[in-house]
Amino acid sequence: MMVLVVGASGATGQLLVEQLLDRGLKVKVIVRAPNALPDQQRNHGTLTVIHAALLDLTDAQLAFHVKGCDAVASCLGHNPSLKGMYGLPRMLVSEATHRLCRAIKANDPEKPVRFALMNTAGNQNRDASERINFIEKCVIGVIRILLPPHLDNERAADVLRTQIGPYDELLEWVVVRPDSLTNEAAVTDYVVHPSPIRSAIFDPGKTSRVNVAHFMAELIADAAIWRTWRGQMPVVYNRDVAA
């Protein structure tokens, strides 16, 4: 199995690459700075490093890199700095998602390619009738205006949810929604729900990055788990804060 990972040099992306390699999968990564990858990954025999900024690639180049991949995983995000949140490209995640989907379809794969997108529990799944109260709606509306990354995450999920849809013949997808991300050394018990079980605004839970990486790797590698969540936006919590 071949998996293309974008956002592989980020904190969660590196952990996902590690999880995939540990499962014996072949992995391609597109990174602007290969030196940001851990040495053991750069020197791994089944890792292919593509040195490029994803949005600088032409459609033909991106289709070439996606060709032959059974799955694509995106851990792209914005750095928590002024430049990261308000600098260009403001719609990095959604534009990358759109272009990757287009590249997958351009290759007309023989079987559907799996697309796993890391997103956020603060992004509502409007197909699942997830209810939030009036105050939460107001707060999210302000966040949407003031923090471009939130709008970017919404648009990225909408590329899959509305433009691709749940029954596409060439592309299947899962949008993974962690809550507040934390850094832990190892995988711990975690739970996965179809929708949030707590308010991401007023009562956020916690999700370790390594647990997110583990769940995304399980999705990609295990057909039964993929079938369970295909076309959905599962929310991942560390078990000790899920209740």
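Would you mind telling me which numbered condition in (1) part of a helix (DSSP H, G or I); (2) among the small types (G, A, S); (3) farther than 14 Å from V175 by Cβ; (4) out of contact with any His (no Cβ under 8 Å at 6 or more places or on another chain) S94 fails?
Among (1) part of a helix (DSSP H, G or I); (2) among the small types (G, A, S); (3) farther than 14 Å from V175 by Cβ; (4) out of contact with any His (no Cβ under 8 Å at 6 or more places or on another chain), the lone unmet condition for S94 is (3).
Scan segment 8-18 and give yes if some residue there is within 23 Å of P112 (Cβ to Cβ), outside any helix (DSSP H, G or I) and either touching a Cys at 6+ places or on another chain (Cβ under 9 Å) or modelled with pLDDT of 95 or more (or both), otherwise no.
Scanning segment 8-18 turns up at least one residue that is within 23 Å of P112 (Cβ to Cβ), outside any helix (DSSP H, G or I) and either touching a Cys at 6+ places or on another chain (Cβ under 9 Å) or modelled with pLDDT of 95 or more (or both).
Does V191 qualify as being touching a strand residue (DSSP E or B) at 6+ places or on another chain (Cβ under 8 Å), in contact (Cβ under 8 Å) with a residue 60 or more places away in the chain and of a type in the set (A, V, I, L, M, F, W, C)?
The answer is no for V191.
Working only within segment 77-103, note down all residues that are more than 16 Å from the chain's Cα centre (by Cα) and at pLDDT 95 or above.
Residues satisfying the conditions are R102, A103.
I'd like to know if segment 122-143 contains one or more residues that are under 18 Å from the mean Cα position of the chain (by Cα) and not in a loop (DSSP other than H, G, I, E, B).
no
So is V31 under 20 Å from R177 (Cβ atoms), modelled with pLDDT of 95 or more and β-branched (V, I, T) or not?
No.
Restricting the search to segment 150-190, which residues are polar (S, T, N, Q) and either surrounded by fewer than 17 Cβ atoms within 10 Å (Cβ to Cβ) or over 26 Å from C69 (Cα atoms) (or both)?
Those that are polar (S, T, N, Q) and either surrounded by fewer than 17 Cβ atoms within 10 Å (Cβ to Cβ) or over 26 Å from C69 (Cα atoms) (or both): T162, Q163, S180, T182, N183, T188.
The values are calculated or read from the model by the stated rules, or taken from the named source; none is laboratory data. For clarity, every value in this text was computed on a predicted model and none was experimentally measured. Neighbour counts are summed over all protein chains in view; Cβ atoms, including those assigned to glycine, are modelled from backbone coordinates with ideal geometry.
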